[in-house]
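Trainee: Here you go, one structure.
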There are 4 protein chains.
Amino acid sequence: MDDQEGRQLIGEFPSVPKQERAYQKRKALLESGRVLFSDKGYENTTAKEIAAHANVATGTFYRYFCDKRQLLMELIKDQLERYMPPEPSWLNHDPEAVLATLLEKHNQRLNRLGLHRVLPELLPHDPELAEVLADVRRKLHDSIHEGLKQAKELGYTWEDLDLDSVAWSILVLTEKLPEMGPETGYIPNYHAISKIICRMVFPPEILLQLRSEEKGLTGNNYTNGCDHEI
Amino acid sequence: MDDQEGRQLIGEFPSVPKQERAYQKRKALLESGRVLFSDKGYENTTAKEIAAHANVATGTFYRYFCDKRQLLMELIKDQLERYMPPEPSWLNHDPEAVLATLLEKHNQRLNRLGLHRVLPELLPHDPELAEVLADVRRKLHDSIHEGLKQAKELGYTWEDLDLDSVAWSILVLTEKLPEMGPETGYIPNYHAISKIICRMVFPPEILLQLRSEEKGLTGNNYTNGCDHEI
Amino acid sequence: MDDQEGRQLIGEFPSVPKQERAYQKRKALLESGRVLFSDKGYENTTAKEIAAHANVATGTFYRYFCDKRQLLMELIKDQLERYMPPEPSWLNHDPEAVLATLLEKHNQRLNRLGLHRVLPELLPHDPELAEVLADVRRKLHDSIHEGLKQAKELGYTWEDLDLDSVAWSILVLTEKLPEMGPETGYIPNYHAISKIICRMVFPPEILLQLRSEEKGLTGNNYTNGCDHEI
Amino acid sequence: MDDQEGRQLIGEFPSVPKQERAYQKRKALLESGRVLFSDKGYENTTAKEIAAHANVATGTFYRYFCDKRQLLMELIKDQLERYMPPEPSWLNHDPEAVLATLLEKHNQRLNRLGLHRVLPELLPHDPELAEVLADVRRKLHDSIHEGLKQAKELGYTWEDLDLDSVAWSILVLTEKLPEMGPETGYIPNYHAISKIICRMVFPPEILLQLRSEEKGLTGNNYTNGCDHEI
DNA sequence: AATGAATGAGGCTTCATTCAT
DNA sequence: GATGAATGAAGCCTCATTCAT
């Protein structure tokens, strides 16, 4: 994946294969950490286990990471962008369907990473981590917020939309609903969630309008007509 | 529990104060546990610290609780009902305002307990606790779901409401938004959240109608005639 | 049993019943200690358990015994004489049968006391206890030794009897064989053991002679006659 | 075990000494355990002490043994065969002298091990250990029993020998007498003990006969010849 | 650089003993 | 005297981290 940066020196020096191998090891450790952390939690995973899972010696762990916590931080930083949702495009397409698709993909990513099982364990006790996470969330929120703002300015949303609250609501729903699963009694229905979110944002007429006009969209201010057949 | 016998006789007789003091001590330990757990997390809090914080010796801890985990379980069980939201009454009053109030109160309770800082830490690794928590959530969800169902049957909600998804969305929003605070960059605006939730449930006309007619409400579906005294 | 000493003051003073009750409590504690020690071992028995088993409060234990060890010492001292074997009378009767009976009774006593389960646990680490026990054993040994000596002087035993070794052998056999039980695969056969011991001491002719002459025993020095059909 | 590979290469290569050193450390811990257990008893010896005595850190103890008990078990299992007495050969030689020698050697082994100070402490409370020990004893008993049986069938023993009781008696005497020492007031006299044991088994004539004929032994049924000058 | 044995602080828990009632 | 709650030292064991090879 990110191999490219690591390999920038290929062919330049005999030491390169060494660096390459080192790089692989680092990657293996990160991956082992990810897997074990999300399986058994951060506190319940020992450095030794991570090393063993990555097929290196205990001591090697500490050549690549100054401590267990750092591995987690790297893990999170490395994958920050994967927490970022794809640019949510409210306007140009059938927002419900688009959102449903985006949600599903995003959730698959989240589940693949599995870090949502670890973060809550540490957030309260690790201010730095909390800060990092808060940053990601803020960016995520900001991006949602910005999209909503544009939509609002074009007159597509409810007039009285509280951008901030809606953005956080969307963020929370998209973050937490996928964490649910059979064991909690709810299997996320992305289409339904998507509809719910759209209803938080758009009056029903707009959704109809968007869907019918597809591209010839005219951004008139919404006026309280109502025929919410959906 | 031993409350009644224990408390009413304070000062009357040596034997009773003994029970009373034991009761107080137990309470002090629970409270110390609650405070320290939500301050520093479960794993980072030692039994010794809890004892010290409650002004008792280490060993005393183990007279009242067989181990650290049990204290947490008691903490949670003792306060389960506080996790339950008050009966959400969608129909009789201005639902937005009522919901806003309920949310605010509920959130204050949650924040006072502070257990939402601890639970995520343990949930993945403690199946029993997870089960207990899942139960509470399911009940909460069911109660929300039931309220929504009644409203839907009366024709007050969007016709195509996916009760399950909406109920879980409401649960998630009411559970997670209050956990946010200045540090995450969002100070919950209960009125805005309330409006968002109502929009997930009711078409705007219904809300207007409810608000204007207050009690002489005619529930057309919207034609559904109705007198939802509940 | 030993109630008499305890009751010497009966009727003299109102305080006497108190002393009586105290005495009963002490006895109950000793008995509880005995039972629990021989069931679960000394280290594995807590003062609290002993108190509970004797139906007194933990603290009461320490009114009667300065510590756990003292209870054990009392137990042992109280019952020292029960470790002493009955005067073994080699000469006057059918020694085998007599010995068999004595062994059986002694072993029953030992098993009732059950202390042989406890002593080995402590002996190596408690010089005082070891001394006490060694004393008992020495006395036991001396008494056996003395009996053997008399028999030897009367010419009833093997000529070259090593009194010391034989006495210790008898002591060891009578002490250890009864500790065996079904779980070790040997159910003590007292008659056989008795025969073995007699053979260690007496030439077969003497045994025959003793048995036939019963009381008109003439203690002539044993001269190698032999018909050891037994 | 790792003995061979481990030892022969000392100093040759870094990897081997590593195993060697680990092996040495394990041995040191076992030895420290042995010494401390037999000095102060099992319960009174802490893992920390054992580690300290072996000049390693507390944690190192747990690299080699999962807990204190396991060290003891290893100790015992490692040395089981040393509890087994050498094949007791009743027939071919002067049984008394041979037995005396065997006893002495066996006792030296036992005393070197010193485990007889520990075992009684644990036996009552540790069924697994008890089982292991009982096994060893049963084997020991069986081997003695078998030897006796052969001798009996050849007509060398008392006719009415109760094999089981005699075998257990021999086992008990050989096991317990050596545990005695100056502190108990008896310094084992192996020759005397040996004579006692032989008397439990053989009529005096047989002993004489065995001694005189040495190898030209004719296994005729014992007939009361007698000249038990010893 | 890699290894994995070694370290030892620190958590959990028990229990002999004390002490307020 | 009696009670049983309280005490806290001390044992067991884990695991993050270091270090000799």
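Trainee: Of everything in the stretch C:50-59, what is out of contact with any helix residue (DSSP H, G or I) (no Cβ under 6 Å at 6 or more places or on another chain) and part of a helix (DSSP H, G or I)? Give them in sequence order.
Mentor: C:Ala52, C:Gly59
Trainee: Checking A:Asp67 against (1) of a type outside the set (Phe, Trp, Tyr); (2) over 30 Å from A:Glu153 (Cβ atoms); (3) surrounded by 15 or more Cβ atoms within 10 Å (Cβ to Cβ), which test does it fail?
Mentor: The one condition A:Asp67 does not meet is (3).
Trainee: Also: What single numbered condition from (1) within 26 Å of B:Glu96 (Cα to Cα); (2) away from chain B (no Cβ under 12 Å); (3) modelled with pLDDT under 90 fails to hold for A:Glu128?
Mentor: Condition not satisfied by A:Glu128: (1).
Trainee: Only one of these is more than 9 Å from every other protein chain (Cβ to nearest Cβ) and of a type outside the set (Phe, Trp, Tyr): D:Leu173, D:Leu177, D:Leu163. Name it. Step through it out loud before you land on a result.
Mentor: On the way: D:Leu173 fails: more than 9 Å from every other protein chain (Cβ to nearest Cβ); D:Leu177 fails: more than 9 Å from every other protein chain (Cβ to nearest Cβ).
Of the residues listed, the single one that is more than 9 Å from every other protein chain (Cβ to nearest Cβ) and of a type outside the set (Phe, Trp, Tyr) is D:Leu163.
Trainee: Where residues in the stretch B:34-64 are within 13 Å of DNA strand E (Cβ to nearest atom), closer than 18 Å to B:Leu113 by Cβ and crowded, with 17+ Cβ neighbours inside 10 Å, which of them is modelled with the lowest pLDDT?
Mentor: Step one: filter the stretch B:34-64 for residues within 13 Å of DNA strand E (Cβ to nearest atom), giving B:36-37, B:40-53, B:56-64.
Then drop every residue that is not closer than 18 Å to B:Leu113 by Cβ, which leaves B:36-37, B:40-42, B:45, B:50, B:53.
Applying the additional criterion that residues be crowded, with 17+ Cβ neighbours inside 10 Å yields B:36-37, B:41-42, B:45, B:50, B:53.
Numbers: B:Leu36: 93, B:Phe37: 90, B:Gly41: 84, B:Tyr42: 87, B:Thr45: 93, B:Ile50: 96, B:His53: 96.
Only one residue tops the list, namely B:Gly41.
Trainee: Does the stretch D:29-69 hold any residues that are under 27 Å from the mean Cα position of the chain (by Cα) and of a type in the set (Lys, Arg), and which are they?
Mentor: D:Arg34, D:Lys40, D:Lys68, D:Arg69
Trainee: How many of the residues in the stretch A:117-162 are within 21 Å of A:Asn44 (Cα to Cα) and not in a helix (DSSP H, G or I)? Reasoning before the result, please.
Mentor: The initial filter retains those residues of the stretch A:117-162 that are within 21 Å of A:Asn44 (Cα to Cα), namely A:117-130.
Then drop every residue that is not not in a helix (DSSP H, G or I), which leaves A:118, A:126.
Matching residues across the stretch A:117-162 total 2.
Trainee: Give the stretch D:159-172 a look and list any residue that's touching a residue at least 24 places away in the same chain (Cβ under 8 Å), closer than 20 Å to D:Pro204 by Cα and surrounded by 15 or more Cβ atoms within 10 Å (Cβ to Cβ), or say none. Talk me through it step by step, then tell me what you get.
Mentor: Just the residues of the stretch D:159-172 that are touching a residue at least 24 places away in the same chain (Cβ under 8 Å), to begin with: D:159, D:161, D:166-171.
If we keep only those that are closer than 20 Å to D:Pro204 by Cα too, we end up with D:159, D:161, D:166-167, D:169-170.
Selection gives D:Leu161, D:Val166, D:Ala167, D:Ser169, D:Ile170.
Trainee: Look through B:Glu159, B:Glu121, B:Glu205 and report the one residue that is out of contact with any Asp or Glu (no Cβ under 9 Å at 6 or more places or on another chain) and either more than 30 Å from B:Lys68 (Cβ to Cβ) or not small (Gly, Ala, Ser) (or both).
Mentor: The unique qualifying residue is B:Glu205.
Trainee: Check D:Leu102, D:Leu71, D:Leu75 and return the single one that is in contact with a Gly (Cβ under 8 Å, 6 or more places away or on another chain), free of Cβ contacts under 8 Å to residues at least 60 places away in the same chain, in a helix (DSSP H, G or I) and away from DNA strand E (no atom under 16 Å from the Cβ).
Mentor: Details: D:Leu102 fails: in contact with a Gly (Cβ under 8 Å, 6 or more places away or on another chain); D:Leu71 fails: away from DNA strand E (no atom under 16 Å from the Cβ).
Step by step, each of D:Leu102, D:Leu71, D:Leu75 is checked, and only D:Leu75 is in contact with a Gly (Cβ under 8 Å, 6 or more places away or on another chain), free of Cβ contacts under 8 Å to residues at least 60 places away in the same chain, in a helix (DSSP H, G or I) and away from DNA strand E (no atom under 16 Å from the Cβ).
Trainee: Return the residue satisfying two criteria in turn: it lies in the stretch C:171-230 and is basic (Lys, Arg) and modelled with pLDDT of 75 or more, and of such residues it is nearest to C:Lys139 (Cα to Cα).
Mentor: Let us first name the residues in the stretch C:171-230 that are basic (Lys, Arg), namely C:176, C:195, C:199, C:211, C:215.
Right, trim to modelled with pLDDT of 75 or more and you get C:176, C:195, C:199, C:211.
Working: C:Lys176: 17, C:Lys195: 24, C:Arg199: 23, C:Arg211: 29 Å.
Selected residue: C:Lys176.
Trainee: Another question, if that's okay. Within the stretch D:26-48, track down each residue that is farther than 11 Å from D:Lys68 by Cβ, free of Cβ contacts under 8 Å to residues at least 40 places away in the same chain and of a type in the set (A, V, I, L, M).
Mentor: D:Ala28, the sole residue that qualifies.
Trainee: Residues being without any contact (Cβ under 8 Å) to a residue 12 or more places away in the chain and facing chain A (nearest Cβ under 9 Å): count how many of those fall in the stretch B:132-158.
Mentor: Matching residues across the stretch B:132-158 total 2.
Trainee: Taking the residues in the stretch B:86-116 that are of a type in the set (S, T, N, Q) and surrounded by fewer than 18 Cβ atoms within 10 Å (Cβ to Cβ) as candidates, determine which candidate is modelled with the highest pLDDT. I'd like the intermediate steps shown before the answer.
Mentor: Start the filter on the stretch B:86-116 by keeping residues that are of a type in the set (S, T, N, Q), which leaves B:89, B:92, B:101, B:107-108, B:111.
Subset that is surrounded by fewer than 18 Cβ atoms within 10 Å (Cβ to Cβ): B:89, B:92, B:101, B:108, B:111.
Working: B:Ser89: 72, B:Asn92: 65, B:Thr101: 90, B:Gln108: 84, B:Asn111: 78.
So the residue we want is B:Thr101.
Trainee: Test D:Leu119 against the stated conditions and say whether it is at pLDDT 80 or above, outside the structural domain of D:Ile196 (by TED's automatic domain parsing) and buried (at least 18 other Cβ atoms within 10 Å of the Cβ). Working first, answer last.
Mentor: On the way: at pLDDT 80 or above: yes; outside the structural domain of D:Ile196 (by TED's automatic domain parsing): no; buried (at least 18 other Cβ atoms within 10 Å of the Cβ): yes.
Considered against the rule, which asks whether it is at pLDDT 80 or above, outside the structural domain of D:Ile196 (by TED's automatic domain parsing) and buried (at least 18 other Cβ atoms within 10 Å of the Cβ), D:Leu119 comes out as no.
Trainee: Would you point out which residue out of D:Glu31, D:Glu20 is more than 19 Å from D:Leu129 (Cβ to Cβ) and away from DNA strand E (no atom under 13 Å from the Cβ)? Break it down stepwise before answering.
Mentor: Numbers: D:Glu20 fails: away from DNA strand E (no atom under 13 Å from the Cβ).
Only one candidate passes the filter, namely D:Glu31.
Trainee: Let me ask you something else. Say we look at the stretch B:180-210 and pick out the residues that are among the β-branched types (Val, Ile, Thr) and either more than 7 Å from every other protein chain (Cβ to nearest Cβ) or more than 18 Å from A:Leu133 (Cβ to Cβ) (or both); which of these is surrounded by the fewest Cβ atoms within 10 Å (Cβ to Cβ)? Walk me through how you get there before you give the answer.
Mentor: Residues of the stretch B:180-210 among the β-branched types (Val, Ile, Thr): B:184, B:187, B:193, B:196-197, B:201, B:206.
If we keep only those that are either more than 7 Å from every other protein chain (Cβ to nearest Cβ) or more than 18 Å from A:Leu133 (Cβ to Cβ) (or both) as well, we get B:187, B:193, B:196-197, B:201, B:206.
Working: B:Ile187: 9, B:Ile193: 27, B:Ile196: 28, B:Ile197: 24, B:Val201: 26, B:Ile206: 24.
Only one residue tops the list, namely B:Ile187.
Trainee: For the stretch B:26-48, give me the residue count where each residue is in a helix (DSSP H, G or I) and within 14 Å of another protein chain (Cβ to nearest Cβ).
Mentor: Of the residues in the stretch B:26-48, the ones in a helix (DSSP H, G or I) are B:26-40, B:47-48.
Restricting the remaining residues to those that are within 14 Å of another protein chain (Cβ to nearest Cβ) gives B:34-40.
Residues meeting the conditions: 7.
The values are calculated or read from the model by the stated rules, or taken from the named source; none is laboratory data. What you are looking at is a predicted structure, and each value in this text was computed from that prediction instead of being measured. Note: ideal-geometry Cβ built from the backbone for every residue, glycine included; neighbour counts use all protein chains shown.
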